[in-house]
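Asker: What follows is a single structure, and I will ask about it in a moment.
The values are calculated or read from the model by the stated rules, or taken from the named source; none is laboratory data. None of these values were measured; they are calculated from a predicted model. Glycine also receives a Cβ, built like all others from the backbone with ideal geometry; neighbour counts cover every protein chain displayed.
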Amino acid sequence: MQGKYQMVCAVVSARVSPIFIEKIHSVRIVPHLAETADLNTVADLTSAACMCLPGTIVAESGDFYNQEIWRVKSILGREFKYPETLAERTAIELAHHISLAGRRLIIHPGTDEDWTK
Amino acid sequence: MSQHDNDKTAVLLMRENPGKPLDPFRMAELRDLAGAAGYRVLAEITQRKDRDHRFQIGRGKIAQAMSYNPKKLIFYNPLSPNQVFNISAEFSSQVIDRFNLILEIFASRASTREAKLQVELAKLSYDAPQVRSALALKKRGEQPGFRGAGAYEQSMYHDIRGRMAKIRMELKDLEHIGEDRRQFRRELGFDLVSLAGYTNAGKSTLLNALTGSSVTARDQPFTTLSPTTRALEIKGRRVLLTDTVGFIDDLPHFLIKAFRSTLAEISQADLVLLVADMSDPYEILRRKLVASHKALWDCGVCSPVITVLNKVDGLSKSEMLRKKEKIEDLAPNPVLVSASCGQGLAELSERICLRLLPLGEYQIRLPYTSQSLSQLSRLYETAELLQVSYEDEMVVRLRGRKEAVARLKAADRP
């Protein structure tokens, strides 16, 4: 968008068991217009979106350019892991749907028709 | 496999990225797979190196492997068509990667029509891009109308795609048959329970222990390829237990797609028993559980899962508790069993009964016709009849699966 990256980070704060999501505490959507889409930008956006939320951050490895866990952990400065269980994957899928919907709303505001394009 | 074919010799090769420590688990797994395929392993060679574009691993390491004079070189890392071509051309040796090795095992064990089609589809899915790439390489030096690859080789890729489409159609039909079969079994009042888990976790042994059957179970990966179903009764509930093909780490997505009809036995089950080998060291146990969760996710499982930690008979109580505590985030309340000794099977049966959806109570009215009488007779087999009263119509109160009741048009929930 205008030569910049329109990024949307969705955070789902949830309590999970290995198989199911037990409870969703909150959902947060943070939009961000960035010059680049490098690891630092993604990490900053993730840190800002997860601010004040307790627990371990779980994200897909592709979101952090397949970096090793220890490296992402040290960049974020808090507990981090890639998804291991079914419930963690479900939560990530949920966050992906929310972020995609948020991004569509930003790019195509007020239209019902064009969002699929 | 105990019966190694003496002619089948191989050297195993694995390359690790320099940033990561060497992982002995991967090589051990590759060794087991080679054993299961009937290869006698002459040597294992590992190297920490960035990916070599020509040979995947360093040229010196391949020369070292060739000094053992093996029939085949087996790579852990996936090989590109160029790498296969380069290694075969330079060292005059047959070369396969881990995925091909798995397919080789599958092909040797496939006994049913469905399994054979699935293996063929997986092989073709793997071969199609390789053939296209090989054709592109061949065409590189060609000039228009002179020394071309020819129409026959050109059409090879299209032939593969055509065959794949045909197999997919056949598998889709088989998938529908499987779906109908599951529906029919539910209508008969059975609960469907699937055994899933990493390969060689003891799923077939557990099936034998629970049902008293004698399905082939061996201490080797991928003994079971096609689903095997046996019936058992747990506290009055009739259950069909299905043993399925085992999972493995880093399984390509198209292999899961090829085995979709088999894996549907897991995804469409009412309950999944996720079996893991407790005798494995903690790191390996954890890794296998994570790989199993990933495979379950890929299958699209949304039914409840009970984690069953098998092979506990060789462990001390303290070790067992320590491991159980360490994997609590992956398996918070596992059932500890030993399928070979029969330990913990009663607890497992109880847990299965608890996790299955409770049966609903229904009241239905049937007119006095011959068809209704046959339906009533059938209900005695498929559900638990609580009360039958003969009024203006027959009023039947029963407890059972909703599918069993749905067959009767006059179904009416109280």
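Asker: When only residues in region A:68-84 that are within 12 Å of chain B (Cβ to nearest Cβ) and touching a helix residue (DSSP H, G or I) at 6+ places or on another chain (Cβ under 7 Å) count, which is surrounded by the fewest Cβ atoms within 10 Å (Cβ to Cβ)?
Answerer: The selected residue is A:LYS81.
Asker: State yes or no: is B:GLY246 at pLDDT below 90 and surrounded by fewer than 20 Cβ atoms within 10 Å (Cβ to Cβ)?
Answerer: Considered against the rule, which asks whether it is at pLDDT below 90 and surrounded by fewer than 20 Cβ atoms within 10 Å (Cβ to Cβ), B:GLY246 comes out as no.
Asker: Here is a further query. Name every residue in region B:88-102 that is in contact (Cβ under 8 Å) with a residue 60 or more places away in the chain and under 17 Å from B:LEU225 (Cβ atoms), in order of residue number.
Answerer: Matches in region B:88-102: B:PHE99, B:LEU101, B:ILE102.
Asker: Pick out the one residue from B:ARG26, B:ARG31, B:ARG15 that is assigned to a strand (DSSP E or B), under 30 Å from B:LEU285 (Cβ atoms) and not β-branched (Val, Ile, Thr). Spell out the reasoning first.
Answerer: Details: B:ARG26 fails: assigned to a strand (DSSP E or B); B:ARG31 fails: assigned to a strand (DSSP E or B).
Within the list B:ARG26, B:ARG31, B:ARG15, the selection yields B:ARG15.
Asker: For the list (1) buried (at least 16 other Cβ atoms within 10 Å of the Cβ); (2) away from chain B (no Cβ under 14 Å); (3) over 16 Å from the mean Cα position of the chain (by Cα), I need the number of the one condition that A:ALA95 fails.
Answerer: (3)
Asker: Has region B:353-371 got at least one residue that is assigned to a loop (DSSP other than H, G, I, E, B), within 14 Å of chain A (Cβ to nearest Cβ), more than 21 Å from the chain's Cα centre (by Cα) and crowded, with 18+ Cβ neighbours inside 10 Å?
Answerer: No, region B:353-371 contains no residue that is assigned to a loop (DSSP other than H, G, I, E, B), within 14 Å of chain A (Cβ to nearest Cβ), more than 21 Å from the chain's Cα centre (by Cα) and crowded, with 18+ Cβ neighbours inside 10 Å.
Asker: For region A:10-18, check the following and say yes or no: at least one residue is farther than 30 Å from B:GLY19 by Cα, within 14 Å of chain B (Cβ to nearest Cβ) and surrounded by fewer than 17 Cβ atoms within 10 Å (Cβ to Cβ).
Answerer: yes
Every residue, every condition in (1) at the interface with another protein chain (Cβ under 10 Å from one of its Cβ atoms); (2) outside any strand (DSSP E or B); (3) not basic (Lys, Arg), yes or no:
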site: B:VAL272; (1), (2), (3): yes, no, yes
site: B:ASP280; (1), (2), (3): no, yes, yes
site: B:LYS288; (1), (2), (3): no, yes, no
site: B:HIS293; (1), (2), (3): yes, yes, yes
site: B:ASP298; (1), (2), (3): yes, yes, yes
site: B:SER303; (1), (2), (3): yes, yes, yes
site: B:LEU315; (1), (2), (3): no, yes, yes
site: B:LEU330; (1), (2), (3): yes, yes, yes
site: B:SER340; (1), (2), (3): no, yes, yes
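Asker: Take the conditions in a helix (DSSP H, G or I), more than 30 Å from B:MET169 (Cβ to Cβ) and within 12 Å of chain A (Cβ to nearest Cβ) and apply them to B:LYS324. Does it pass?
Answerer: Spelling it out, it is not the case that B:LYS324 is in a helix (DSSP H, G or I), more than 30 Å from B:MET169 (Cβ to Cβ) and within 12 Å of chain A (Cβ to nearest Cβ).
Asker: Can you confirm whether B:LYS311 is within 24 Å of B:VAL290 (Cα to Cα), touching a residue at least 24 places away in the same chain (Cβ under 8 Å) and within 14 Å of another protein chain (Cβ to nearest Cβ)?
Answerer: No: the conditions fail for B:LYS311.
Asker: Can A:HIS108 be described as of a type outside the set (Gly, Ala, Ser) and away from chain B (no Cβ under 14 Å)? Full working, then the answer.
Answerer: Values: of a type outside the set (Gly, Ala, Ser): yes; away from chain B (no Cβ under 14 Å): yes.
Spelling it out, A:HIS108 is indeed of a type outside the set (Gly, Ala, Ser) and away from chain B (no Cβ under 14 Å).
Asker: Kindly state which strands (runs of 3 or more DSSP E) lie completely within region B:159-270 and contain at least 3 residues that are touching a residue at least 40 places away in the same chain (Cβ under 8 Å) and closer than 20 Å to B:PRO304 by Cβ. Give the derivation first.
Answerer: On the way: elements: B:191-197, B:228-234, B:237-243.
Qualifying strands (runs of 3 or more DSSP E): B:191-197, B:237-243.
Asker: Determine whether A:ALA87 is touching a residue at least 12 places away in the same chain (Cβ under 8 Å), under 24 Å from B:LEU296 (Cα atoms) and within 14 Å of chain B (Cβ to nearest Cβ). Give the derivation first.
Answerer: Numbers: touching a residue at least 12 places away in the same chain (Cβ under 8 Å): yes; under 24 Å from B:LEU296 (Cα atoms): yes; within 14 Å of chain B (Cβ to nearest Cβ): yes.
Yes, satisfied.
Asker: Quick one: which of B:ASN6, B:ASN17 is modelled with pLDDT under 90, more than 20 Å from B:ALA89 (Cα to Cα), more than 27 Å from the chain's Cα centre (by Cα) and away from chain A (no Cβ under 14 Å)?
Answerer: When all the criteria are applied, what remains is B:ASN6.
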